[in-house]
Amino acid sequence: MAIPRRNVTKLIKSKPTAILTSDWHIRPDVPECRTDDFQAVQWRKVQFVLDLAKGHDVPIVLGGDISGNSPQWPNWLLEKFSGLVRASRVRILAIPGQHDLPGHNWDRWRESGYGVLVSTGIIVRFYHEAEISGYLGYGIPFGRIGDGDQIYALSKIQADLLVLHVLTLESRKMEWEQNQWTADGLLDSAPNVRCILTGDNHKPFVRRLDGRLLVNPGSLMRTKSDQIDYRPRVYLWHAEENEVVPVYIPIEQGVVSHEAVEKRKDFDERQVAYVERLKKGYEIGLSYEDNLKDSFTADPVEVTVVERVWDAVDEGRVMK
């Protein structure tokens, strides 16, 4: 029977065991919906979580997708993240999610930013059993539970904390999604696990079932326009009572915008339309190219538009 929501802080006497978190999505660029200095904000959030872990003297357990829009990280991004973690001396145990794996392929984890962070000792590759502040953890990377010879028998795992990167929903499944679980379904499938940490679903929730927990922390960053009112958080896990307490990460209002996304969409559509008009059978001659140059000079145009126009001009030459 599911336990209703309550003030769990009154029940907790022990010190925290670990910080539970997922889906950091560290990235070198700026999401379309952001109107602020996203890079500065990104690093402040990382520093906040590191300071929280250091203050409580606990490790961070990350349920996959430390990487953002690409599994490969540029050198400067690796150096920035590594510098923050080294300075904090906080232990981070992380399983890889699909965004950490080139081609979503587990066998290629060494080729990724995640792999570099593991090889340099910045994070710990959480695979199978690991000790977490005196308690037993068990990590299963993305793509390692399913059918055939890759299946992990969740019913046979005995651990205080099981960490997975699978799409997990609070209640009923979505008809259009595959490879998804409900919180109760996962808890029922792993009866010998006290607490399950999941990643992939960016909407946070906690499910309590007969003294056991499933924690889905949600994303650390707000990278979508529908996250205007979203409050990023991590959870302090108290293993002795098997309870969690959310810690909300400071955010600024008014920096996530629907309008920014719509403007970008409109801009892209206008670029495509402009280029397509050029492709429709025009004979590209010297005078036309001169006219284009004059037009760009007289009426300044975005650099990306200019590049696409000249690409179309070159393509027109090839097609003639």
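The values are calculated or read from the model by the stated rules, or taken from the named source; none is laboratory data. What you see is a predicted model; the values in this text were computed from it and never measured. Here the Cβ is made from the backbone with ideal geometry for all residues, glycine too, and neighbour counts use every protein chain on show.
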> From the set of residues in region 26-58 that are in a loop (DSSP other than H, G, I, E, B) and in contact with a helix residue (DSSP H, G or I) (Cβ under 7 Å, 6 or more places away or on another chain), which is surrounded by the fewest Cβ atoms within 10 Å (Cβ to Cβ)?
Replying inline: 35
>> Condition first: under 24 Å from residue 237 (Cα atoms) and among the small types (Gly, Ala, Ser). Now tell me which residues in region 51-97 satisfy that.
In response: 53, 55, 63, 64, 67, 87, 88, 94, 97
>> Going residue by residue through region 29-44, is there one that turns out to be at pLDDT below 95, touching a Phe, Trp or Tyr at 6+ places or on another chain (Cβ under 6 Å) and more than 29 Å from residue 245 (Cα to Cα)?
In response: yes
>> Please determine whether any residue of region 6-19 is surrounded by 16 or more Cβ atoms within 10 Å (Cβ to Cβ), within 19 Å of the chain's Cα centre (by Cα) and modelled with pLDDT of 95 or more.
In response: yes
>> Could you tell me how many of the residues in region 223-241 are surrounded by 17 or more Cβ atoms within 10 Å (Cβ to Cβ), at pLDDT below 95 and β-branched (Val, Ile, Thr)?
In response: 1
> Mind checking whether some residue in region 84-101 is polar (S, T, N, Q) and surrounded by fewer than 17 Cβ atoms within 10 Å (Cβ to Cβ)?
Replying inline: no
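For region 74-89, which positions are within 15 Å of residue 24 (Cα to Cα) and either among the polar types (S, T, N, Q) or not assigned by TED's automatic domain parsing to the domain that holds residue 47 (or both)?
Scanning region 74-89 gives a single hit, 82.
Being modelled with pLDDT of 90 or more, under 27 Å from residue 39 (Cα atoms) and hydrophobic (A, V, I, L, M, F, W, C) is true for just one of 187, 209, 220. Which residue is that?
Result: 220 is the single residue among 187, 209, 220 that is modelled with pLDDT of 90 or more, under 27 Å from residue 39 (Cα atoms) and hydrophobic (A, V, I, L, M, F, W, C).
In this structure, is residue 57 acidic (Asp, Glu) and at pLDDT below 95?
In short, no.
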